[in-house]
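The values are calculated or read from the model by the stated rules, or taken from the named source; none is laboratory data. Being a predicted model, the structure only gives us computed values, none of them experimental. Every residue, glycine as well, gets a Cβ built from its backbone with ideal geometry; the counts of neighbours run over all protein chains shown.
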């Protein structure tokens with residue numbers, strides 16, 4: 001009995017030693033890799049012919065991300081709730097890009113609608129290989145107790161729950177081929193809490209956590225061919241946060257939307273797992289992890305997190321403006 005216990009203890013010790021050595025070697029390797037990548041970035045992958053779906057693509061950063069990916073030869077599938085703006089964007093991209101462009105009006109917050117339009121995309125275009133969850137809404141003009149319940153529910157549905165339904169719709173095909181890319185366009189509000197944005201921050205924290213969990217799930221399932229990218233930008237000069245200002249523009253600048261789109265697409269092409277824009281957000285993340293909570297509040301105030309929304313002008317709640325989907329590609333339209 002004693003010999004059996006000794007053998008078991010020896011086995012356990014060797015197993016622990018093996019896991020520790022794997023941890024040390026792995027940590028050293030990835031620290032070294034990260035250091036090298038500071039000077040030698042990963043090569044860009046070829047997305048020519050890949051089917052890219054971008055939600056919230058009628059305007060703003062979604063439109064620009066789609067345009068950048070189209071310049072690299074990707075077939076574009078555009079989703080948005082605003083049919084008129086989506087139709088105009090699709091026509092514009094067809095005229096300026098030499099790629100196929102499809103547009104489908106869809107309210108991503110509605111699970112059954114996502115599944116229905118996703119089936120239409122699969123039949124008419126094919127399996128989506130790059131999914132960019134970009135659609136988002138923000139209220140921002142209310143304290144949490146004053147915010148209408150329907151706006152709070154919509155924020156959570158569009159910014160977080162919609163990611164569940166689009167992943168459910170398109171991830172199985174990626175897994176069957178072990179090929180694809182999932183992109184979560186979140187916000188700095190998914191990393192740092194901001195005053196006046198309780199529902200928005202909750203939804204973005206949820207989106208980031210969901211995307212991280214899916215990335216781990218794919219790793220455990222050995223689906224290394226499916227890449228994931230989580231994007232957390234600070235303020236971008238779109239209408240979404242119109243009127244907001246930054247106290248320290250040299251450290252936390254408001255990012256030009258064209259520059260933001262190019263940096264996001266570059267990260268997708270280089271298979272980066274995390275993209276924080278501007279890079280100073282990495283410094284703030286490290287500080288957040290190390291400093292005491294009360295000191296963190298002082299820093300949030302110092303960098304403008306308590307009055308960020310004071311000059312926010314607000315954006316109208318999206319209105320469904322469609323009854324059918326645009327399904328012509330550029331060739332059919334020219335005919």
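Remark: residue 121 matches the filter, which requires a residue to be within 24 Å of residue 226 (Cβ to Cβ), assigned to a helix (DSSP H, G or I) and in contact with a strand residue (DSSP E or B) (Cβ under 6 Å, 6 or more places away or on another chain). Hey, any hits in the range 71-80 for a residue that's under 24 Å from residue 267 (Cβ atoms), in a helix (DSSP H, G or I) and modelled with pLDDT of 95 or more? Scanning the range 71-80, I find at least one residue that is under 24 Å from residue 267 (Cβ atoms), in a helix (DSSP H, G or I) and modelled with pLDDT of 95 or more, so the answer is yes. The sole residue among 39, 35, 23, 31 that is in a loop (DSSP other than H, G, I, E, B) and either within 22 Å of the chain's Cα centre (by Cα) or modelled with pLDDT under 95 (or both) is 39. Among the residues of the range 96-115, the ones that are in contact (Cβ under 8 Å) with a residue 12 or more places away in the chain and in a helix (DSSP H, G or I) come to 4 in all.
Of 125, 101, 114, all but one fail to be modelled with pLDDT of 95 or more and out of contact with any helix residue (DSSP H, G or I) (no Cβ under 8 Å at 6 or more places or on another chain); the exception is 125.
Those strands (runs of 3 or more DSSP E) of the range 176-287 in which 3 or more residues are buried (at least 20 other Cβ atoms within 10 Å of the Cβ), assigned by TED's automatic domain parsing to the domain that holds residue 155 and within 12 Å of the chain's Cα centre (by Cα) occupy 180-185, 226-233. Checking the stated criteria, residue 88 turns out not to satisfy the condition of being at pLDDT below 95, in a helix (DSSP H, G or I) and either over 22 Å from residue 165 (Cα atoms) or touching a helix residue (DSSP H, G or I) at 6+ places or on another chain (Cβ under 8 Å) (or both). Scanning the range 128-165 for residues that are touching a strand residue (DSSP E or B) at 6+ places or on another chain (Cβ under 9 Å) and either part of a strand (DSSP E or B) or without any contact (Cβ under 8 Å) to a residue 24 or more places away in the chain (or both) turns up 130, 131, 132, 133.
Could you tell me whether any residue of the range 140-148 is within 25 Å of residue 64 (Cβ to Cβ), in contact with a helix residue (DSSP H, G or I) (Cβ under 8 Å, 6 or more places away or on another chain) and surrounded by 19 or more Cβ atoms within 10 Å (Cβ to Cβ)? Yes, some residue in the range 140-148 is within 25 Å of residue 64 (Cβ to Cβ), in contact with a helix residue (DSSP H, G or I) (Cβ under 8 Å, 6 or more places away or on another chain) and surrounded by 19 or more Cβ atoms within 10 Å (Cβ to Cβ).
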